[in-house]
Amino acid sequence: MTRERIRLLVLYGGESAEHDVSCVTAAHVVRAIDPAKYAVTAIGIAENGRWSISADVTASLEAGSAELPSRLDASTGTPFQPSAALAQATGSTERVVALPLLHGPLGEDGTVQGLMELADVAYVGTGVLGSALGMDKAMAKRVLASAGIPQARAIAFDEFERSAALELRIVDELRLPCFVKPANMGSSVGVSKARSPEELTSAIDLALSYDSWVVVEEAVIGREIEVGVLGNEEPVASVAGEIVPGDEFYSYEDKYVTDGAQLLVPAPLSDTEMADVRELAVQVFRTLRCHGLARVDFFYEEGGRGFLCNEVNTMPGFTPISMYPKLWAASGVPYPDLIDRLVGLALERHAHRRRNTKH
């Protein structure tokens, strides 16, 4: 039976500010994996970049998934060089699929995806280009704008372009309040709402402590709508969900600390509105060359511009209470089946890539 199972390399942790979120996500995913279908190798990436294989996770799985902790520790285990381990996996007689449950830079931004491509290992999720675009909000906005996708007004700049004159331009063009974000970060890390010129300066300082590029967006008065997309060449959209923030906006604390937000699934939309936002989510997914999965986030400006694409998350939160799995559960795909679908899509895309690159 072992030879029939798929060897699933679960990567978690990482060097970004979203390290802890990844460790919690991985614990839930590993607990939901069917041991009759998958043999799991848990690979933790510590905050200092050290990779290790966790024997504790393997032992817990053998004892029963109930023995798993609520958060996996990425700092313990047997150290190894990722290139050597992936090369060994490639030479295995097993079918091997990597599941990179990594959020933020050096994990979700195309870097780990490039490593998988070089090692010729199938992996869940979007490839190098789509991952890089999805992570970089500034570049994603440019690409989406070129495709005519409606978005909130924004100004993007790097640390060398920053000036007092630029801050005056932001106030003049976007008005206050506005939102300031690091271009390459997720989970609302480093995001601030600026209500005055002084707060704008401080918010830019904070964003630049996480990334060298900053995106400043107008404050949209609208509902926060999210759609899950699943697939490769023929992606499909889930029902839409709505977030009613408990904080002033959907902040990191709201998502992971206070749990104050309400998640409405499905979102209270008309049939026409639901169809429109699902179609737009698939269009965004294709425009950014996503594969496997993504969560597409919108603002809905009722009586105004309609649905405005806010951003795309190519590796969304994946705990059972996270929005992406909840959207698919409401669409008829329960959590364990969703994992199966993603693994199948990874193998499908890998086979397709090999046909294109192996001559």
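Some notes on this structure:
- The range 211-246, residues that are charged (D, E, K, R) and farther than 30 Å from Glu167 by Cβ: Glu226, Glu233, Glu234, Glu242
- Condition met for Ala63 (among the small types (Gly, Ala, Ser), modelled with pLDDT under 90 and within 18 Å of the chain's Cα centre (by Cα)): no
- Residue match in the range 328-351 (condition: within 13 Å of Glu226 (Cα to Cα) and not small (Gly, Ala, Ser)): yes
- Restricting attention to the range 284-306, the residues that are of a type in the set (D, E, K, R) and free of Cβ contacts under 8 Å to residues at least 60 places away in the same chain add up to 1.
- Count of the range 133-153 residues, restricted to those that are more than 30 Å from Ile43 (Cα to Cα) and not in a helix (DSSP H, G or I), is 7.
- Screening the range 155-188 for residues that are closer than 23 Å to Met323 by Cβ and either among the hydroxyl-bearing types (Ser, Thr, Tyr) or surrounded by fewer than 20 Cβ atoms within 10 Å (Cβ to Cβ) (or both) and picking the one that is modelled with the highest pLDDT gives Ser188.
- Entirely in the range 154-238, the strands (runs of 3 or more DSSP E) that have 2 or more residues that are closer than 17 Å to Lys141 by Cβ: 154-158, 178-182, 213-218
- Meets criteria (closer than 29 Å to Leu101 by Cα, among the acidic types (Asp, Glu) and either in contact with a Cys (Cβ under 6 Å, 6 or more places away or on another chain) or crowded, with 18+ Cβ neighbours inside 10 Å (or both)) for Glu224: yes
- If you go through the range 311-359 and keep only what is part of a loop (DSSP other than H, G, I, E, B) and surrounded by 15 or more Cβ atoms within 10 Å (Cβ to Cβ), you end up with Thr314, Met315, Pro316, Gly317, Phe318, Thr319, Ser322, Ser331, Val333.
- The set of residues in the range 114-132 being in a helix (DSSP H, G or I) and crowded, with 24+ Cβ neighbours inside 10 Å consists of Met116, Gly130, Ser131.
- Selection status of Ala294, modelled with pLDDT of 95 or more, in a helix (DSSP H, G or I) and buried (at least 24 other Cβ atoms within 10 Å of the Cβ): no
For (1) farther than 24 Å from Arg95 by Cβ; (2) assigned to a helix (DSSP H, G or I), each residue gets a yes or a no:
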{"site": "Val21", "(1), (2)": "yes, yes"}
{"site": "Val24", "(1), (2)": "yes, yes"}
{"site": "Pro35", "(1), (2)": "no, no"}
{"site": "Gly44", "(1), (2)": "no, no"}
{"site": "Asn48", "(1), (2)": "yes, no"}
{"site": "Ser52", "(1), (2)": "no, no"}
{"site": "Val57", "(1), (2)": "no, yes"}
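- Of the residues making up the range 21-65, those that are aliphatic (A, V, I, L, M) and loosely packed, with under 15 Cβ neighbours inside 10 Å are Ala36, Ala55, Ala59, Ala63.
The values are calculated or read from the model by the stated rules, or taken from the named source; none is laboratory data. Bear in mind that the values here come from a model prediction, so they are computed numbers and not experimental data. In this analysis, Cβ positions are derived from the backbone assuming ideal geometry, glycine residues included, and neighbour counts consider all displayed protein chains.
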